[in-house]
Amino acid sequence: MAAPITSIKLKELIAEEIQSEKLLELQLLLTKQEQAINKLLEITGDLDDAGVLDAVKAMVKAKDEIAEIAVDQVSREPVTNLVNHVINASSMLTAISPDVTAKLAASVQSGLNEAELHDGNSETIGVFDLIKSLKDPDVNRAVKFGLHFLQGMGKGLDGE
């Protein structure tokens, strides 16, 4: 009868064996991905020929200076004003119903189309023509909308 196994010895690889295993794995990977690696090398060669890699290398070396310039540019008053305007405009737009903005955009487009139709008309309009045009339901609707808009805007300005 055989003697019982009382201990298991793991074979520890020495550094040279580990290195040769990794080299073999790398060789297998290279042969499997040969086409992709060739393309990658071609792209990097083209980038190097164009001087892009030199520019990237210089940018990496000067990353602290570039970051400082970028922060200085972003913190300028015109940029901070722009950011504040975008934030205010987006909060205003989110408060308005999308149906209202869609209807308003469509009516603005319709108004622009109508204005283009009569753009070359050199006919002058007098005060009586303006008053008479208020009888047109479309003009009256737009004027009424504008007046109510101005009234609401005035109320909003009063609350400041």
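Accessible surface of the chain, 1.4 Å probe: 63 percent of it comes from carbon and sulfur atoms. Ordering V74, S110, S20 by the projection of their Cα atoms onto the charge dipole of the range 1-120, which places +1 on the Cβ of Lys and Arg and -1 on the Cβ of Asp and Glu, puts S20 at the extreme positive end. Of the listed values [x] 1.07; [y] 2.43; [z] 0.97, identify the label whose number matches Cα Rg over 2.2 N^0.38 Å calculated from this model. Computing Cα Rg over 2.2 N^0.38 Å and matching it to [x] 1.07; [y] 2.43; [z] 0.97 gives [y]. A simple spin-label model places pseudo-atoms 7 Å from Cα toward Cβ; at K57 and A115 they are separated by 5.7 nm. Residue-wise HN-Hα couplings along the range 51-57, as the Karplus relation 6.51 cos²θ - 1.76 cosθ + 1.60 with θ = phi - 60° gives them from phi, are x, 5, 5, 5, 5, 5, 4 Hz; Gly and Pro carry x. Can you give the FRET efficiency for E65 and K39, using 1/(1 + (r/R0)^6), R0 = 35 Å, r = Cβ-Cβ distance, to the nearest 0.05? With R0 = 35 Å, the Cβ-Cβ based efficiency is 0.55.
In this Cβ point-charge picture (+1 for Lys and Arg, -1 for Asp and Glu), the range 14-87 has a dipole of about 260 debye about its Cα centre.
In this Cβ point-charge picture (+1 for Lys and Arg, -1 for Asp and Glu), the range 16-160 has a dipole of about 960 debye about its Cα centre. For the pair I5 and Q73, what calculated FRET efficiency results from E = 1/(1 + (r/R0)^6), where r is the Cβ-Cβ distance and R0 = 45 Å, to the nearest 0.05? Efficiency, from the Cβ-Cβ distance: 0.05. Residues in the range 52-160 average 90 Å² of solvent-accessible surface per residue, probe 1.4 Å, ligands and nucleic acids excluded. Annotation: lysines with alpha-carbon distance below 23 angstrom to K11 (same-chain offsets under eight excluded): K22. The trypsin sites (Lys or Arg not before Pro) of the range 1-101 that meet both conditions, a loop assignment by DSSP and at most 14 other Cβ atoms within 10 Å of the site Cβ, are K9, K11, R76.
When the trypsin sites (Lys or Arg not before Pro) in the range 116-159 are filtered for DSSP coil states and for at most 15 other beta-carbon atoms within 10 Å of their beta-carbon, the remaining sites are K135. With both labels modelled 7 Å from their Cα along Cα-to-Cβ, the L130 to V108 distance reads 2.4 nm.
The values are calculated or read from the model by the stated rules, or taken from the named source; none is laboratory data. The structure displayed is predicted, hence computed values, not measured ones. Note that each Cβ is placed from the backbone with ideal geometry, even for glycine, and that neighbours are counted across all protein chains shown. Protein only, heavy atoms only, side chains kept; ligands, DNA and RNA dropped before computing areas. Shrake-Rupley method; radii C 1.70, N 1.55, O 1.52, S 1.80 Å.
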